[in-house]
Amino acid sequence: MDKFDKKILEILQKDCTLSVSDVASQVGLSTTPCWRRIQALEKNGVIKGRVALADPEQLNVGLTVFVMVKTNQHNPQWLEAFGKIAEEFTEIIEFYRMSGEVDYLLRVVVSDMKAYDSFYKKLIDRASFADISSSFAMEEIKYTTALPVNYV
């Protein structure tokens, strides 16, 4: 990946609705080579998809909750089952297996505390945990979906 590809990625991660000619002019290429590079980035899986980022407040899911899960079942079957359960909950927007004191971390978005309580009750009814705790985000200081490109 060269400097043109990196610049293309930086631009598209901020606004993928730009026309190829707009991206090309910002990168310093003509339209056709820029388009070929974008296609190659997609074909190689560097660009995994193009999405619209929605405003959580507009969708009434302004409460972000980080749910820390501990389990005493450290086996692939439990993880697969829990993964399937997590897929069923649209409120779970991120799901990580962790090192350290917590086994799994979920990022959950809901409308308010009452909605979270309902979510929580459904979740603990579906899976068994050794421990589960929640932390509520009070303020979003930084949020981006753009990944750094200076490591390639």
Report task. Check Val109 against each of (1) open to solvent by less than 30 Å² (accessible area, probe 1.4 Å); (2) more than 29 Å from Tyr151 (Cα to Cα); (3) assigned to a helix (DSSP H, G or I) and name the one condition it does not meet. Result -> (3)
Report task. Among the residues of region 121-131, write down those that are open to solvent by less than 70 Å² (accessible area, probe 1.4 Å) and free of Cβ contacts under 8 Å to residues at least 24 places away in the same chain. Result -> none
Query - Search result, residues across region 16-34 that are open to solvent by 60 Å² or more (accessible area, probe 1.4 Å) and under 20 Å from Ala146 (Cα atoms) - result: Thr17, Asp22, Gln26
Report task. Filter region 132-147 down to residues that are touching a residue at least 24 places away in the same chain (Cβ under 8 Å) and open to solvent by 70 Å² or more (accessible area, probe 1.4 Å) and give me whichever is nearest to the chain's Cα centre (by Cα). Result -> Leu147
Requested in this report: Could you look through region 64-104, keep only residues that are touching a residue at least 60 places away in the same chain (Cβ under 8 Å) and open to solvent by 60 Å² or more (accessible area, probe 1.4 Å), and pick out the one that is nearest to the chain's Cα centre (by Cα)?
Outcome: Phe66
Report task. Would you check which residues across region 112-152 are farther than 30 Å from Met1 by Cα, in a loop (DSSP other than H, G, I, E, B) and not hydrophobic (A, V, I, L, M, F, W, C) and list them? Result -> Asp112, Ser128, Glu139, Glu140
Query - Matching entry among Leu53, Leu29, Leu18, Leu41 (being outside any loop (DSSP other than H, G, I, E, B) and not hydroxyl-bearing (Ser, Thr, Tyr)) - result: Leu41
Query - Complete set of residues in region 43-61 that are surrounded by 10 or more Cβ atoms within 10 Å (Cβ to Cβ) and either touching a residue at least 60 places away in the same chain (Cβ under 8 Å) or not aliphatic (A, V, I, L, M) (or both) - result: Asn44, Pro56, Asn60
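The values are calculated or read from the model by the stated rules, or taken from the named source; none is laboratory data. Source: prediction; values computed, not measured. Note that we place each Cβ from the backbone using ideal geometry, even for glycine, and neighbour counts take in every protein chain shown. These accessible areas exclude ligands, DNA and RNA; they are computed on the full protein's heavy atoms, side chains included. Shrake-Rupley method; radii C 1.70, N 1.55, O 1.52, S 1.80 Å.
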